[in-house]
Every structure is written in structure tokens, then in C-alpha cells.
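Reading through the C-alpha cells given below for one structure.
The values are calculated or read from the model by the stated rules, or taken from the named source; none is laboratory data. This one's a predicted model, so the numbers in the text were calculated from it and none came from an experiment. Neighbour counts are summed over all protein chains in view; Cβ atoms, including those assigned to glycine, are modelled from backbone coordinates with ideal geometry. SASA here: full protein model, heavy atoms, side chains in, ligands and nucleic acids out. Shrake-Rupley method; radii C 1.70, N 1.55, O 1.52, S 1.80 Å.
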Protein chains: 2
Amino acid sequence: MGNRLNGFGDCSIEVERACPIELTLHIIGGKWKGVIINILSKKDTRFNELKRLIPGISQRMLTLQLRELEADGIVKRKVEETIPIKVGYSLTHQGESLTPIIQSMRMWGNDYISKNE
Amino acid sequence: MGNRLNGFGDCSIEVERACPIELTLHIIGGKWKGVIINILSKKDTRFNELKRLIPGISQRMLTLQLRELEADGIVKRKVEETIPIKVGYSLTHQGESLTPIIQSMRMWGNDYISKNE
DNA sequence: CTGCATCCGCGATGATACTG
DNA sequence: CAGTATCATCGCGGATGCAG
């Protein structure tokens, strides 16, 4: 997992090392990651359920984004060995620690919308 | 400015409309926007100063990211009609209202780094 | 000093079909 | 149900040169 941090360790801002910001943005900034985390913060969700809840996302992208979130330790994947197979996704502790930020972003976004009609 | 909201108005998540999150992510999620906002939150900064403070960014990208932030009402642009011209950038009120989120992201990022070494 | 214009490669994303 | 594989595309972003 640590290798995902590569490319962030060598940036040197003089005012202040802003890398943690970039890192966070890199982790949650994917095209659909915000929505995914937001949904998972409310309830554990299965693959097809996620797909249904996120209109417009392709199966491929959903898989990829989930894999990245998993690699970053944000999301947990639990396979039920039934037939057909069921796969449940949920937030890890680290993932849950992101929800305050997500919620701040929601509030800011709503505020922004209301101010710009 | 309102037209930048297009594409967000029609997303319909059943669990909850997550669009404000996507919108916020869209506004601050650019490759360098986090750093830019972070720097501007500390002090007004001129173009070349920004370029110097952000190693690795190309002139082109700095211009583009600043233009987007300006179009989104996050950043203010002030031209000093000297020779040579000087252009100062600063946060708008809306831009300043983002800094708590940015700071949360910094803290989360630092925490993340220390936990994943 | 602060940009804009142009060219271009590459990665991100979509569409579609196939699988255990 | 939950993916994987493959192909095609499209825009991001880098490099470079020009301009006021």
C-alpha cells in the first residue's frame, strides 16, 4: 500500500508542505469516489446495488474505483460464497474517518449552489 | 458561472442526492487546485510566485487552474498596470470558506501517512 | 512578467462482449 | 451476481514558441 504514496514524498512547497492535501485529494478525488464513500458511509452495499445507486457509472469504472479505494485502505470487500456470489462493500475505519470531510463538502456544495442559484 | 453546475443537476442518487459532494470535488479536485487554494489561504500571491512555490506545475496548467478557480468564484485576480505587468491572486469569500475543508484534508492526509508510514 | 496558441502523447473512461 | 478482457476514444496535461 505504501507504494501509492510515491510521487508525494518529494514535493517541496516552501510556504508549507501541502502534500497531505494532494494525497487526500488523490485518494478521494476520483470521478466517483466521493459518491461511493458517501453511500458506504450510510450502509454496507453490494456491487450491483452500488451500480444501481450511481446512475451513469459503468461496471468497469465501478470496479476500478472500488479496487483503488480498497488498495488505499478506505474500503473493505467481503465475498459471500453463495451461488450466485454476493460481494459486500463497506468502509474501513480509515474510510469512516473520511466522512466528516465528505459531509463538510456536501454542506459547502449545497451552500455554493444556493449562492450561485 | 451557473453553467458550470450543468451536469450535476440531473444526477439522482436514491440514498441521497450526493451531487453537492461531486460539485465540491469538481471545484477543488483539479490536479493542483488544492495546493493553490492552500497557498492563497496564507497570503495573496503573484503568478510567478505561485509557479515558484509549486514545483512541477507547468505555466500552462497554472494558468488553466487559476482560470477555472476564478470562473468558479473561488479566486480573485487583480492586475497591477505596471511595466512589466503584475498579477496578484487571492481567495474570494467563497474561496476562504473552503479553507476549513482544505485543513481537514491536510490533517487527514498527515494522519494517513503516519498510519501507513 | 504574465500569459495564449499549438502540437501531441498518453492515460482515463466508455462500450461491448465474455466468464465463473 | 460480480466481475474480466478488449478495443476505441477523448480530453488532460506537458513542451515549446510567441506576444503584450
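(1) touching a helix residue (DSSP H, G or I) at 6+ places or on another chain (Cβ under 8 Å); (2) within 16 Å of DNA strand D (Cβ to nearest atom); (3) at pLDDT below 95; (4) in a helix (DSSP H, G or I): which one isn't true of B:GLY109, the others all being true?
Unmet condition: (2).
Would you please name the residue that is least open to solvent (accessible area, probe 1.4 Å), looking only at residues in segment B:76-110 that are among the small types (Gly, Ala, Ser) and within 9 Å of chain A (Cβ to nearest Cβ)?
Out of the qualifying residues, it is B:GLY109.
Of the conditions (1) of a type outside the set (Gly, Ala, Ser); (2) away from DNA strand D (no atom under 13 Å from the Cβ); (3) open to solvent by 60 Å² or more (accessible area, probe 1.4 Å), A:ARG52 satisfies every one except a single condition; which number is it?
Among (1) of a type outside the set (Gly, Ala, Ser); (2) away from DNA strand D (no atom under 13 Å from the Cβ); (3) open to solvent by 60 Å² or more (accessible area, probe 1.4 Å), A:ARG52 violates only (2).
Identify all residues within segment A:30-59 that are within 25 Å of B:ILE57 (Cβ to Cβ) and at pLDDT 90 or above; write none if there are none.
Hits for segment A:30-59 are A:LYS33, A:GLY34.
Would you mind stating whether B:ILE28 is more than 11 Å from B:SER90 (Cβ to Cβ), under 8 Å from the mean Cα position of the chain (by Cα), surrounded by 17 or more Cβ atoms within 10 Å (Cβ to Cβ) and within 12 Å of chain A (Cβ to nearest Cβ)?
The answer is yes for B:ILE28.
One residue is enough: does segment A:51-66 have a residue meeting the conditions over 27 Å from B:GLY30 (Cα atoms), away from chain B (no Cβ under 13 Å), within 10 Å of DNA strand C (Cβ to nearest atom) and part of a loop (DSSP other than H, G, I, E, B)?
There is no residue in segment A:51-66 that is over 27 Å from B:GLY30 (Cα atoms), away from chain B (no Cβ under 13 Å), within 10 Å of DNA strand C (Cβ to nearest atom) and part of a loop (DSSP other than H, G, I, E, B).
Rundown of residues vs (1) among the aliphatic types (A, V, I, L, M); (2) free of Cβ contacts under 8 Å to residues at least 12 places away in the same chain, yes/no style:
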residue	(1), (2)
A:CYS19	no, yes
A:ILE28	yes, no
A:LYS31	no, no
A:ARG52	no, yes
A:PRO55	no, yes
A:ARG60	no, yes
A:LEU64	yes, yes
A:ALA71	yes, no
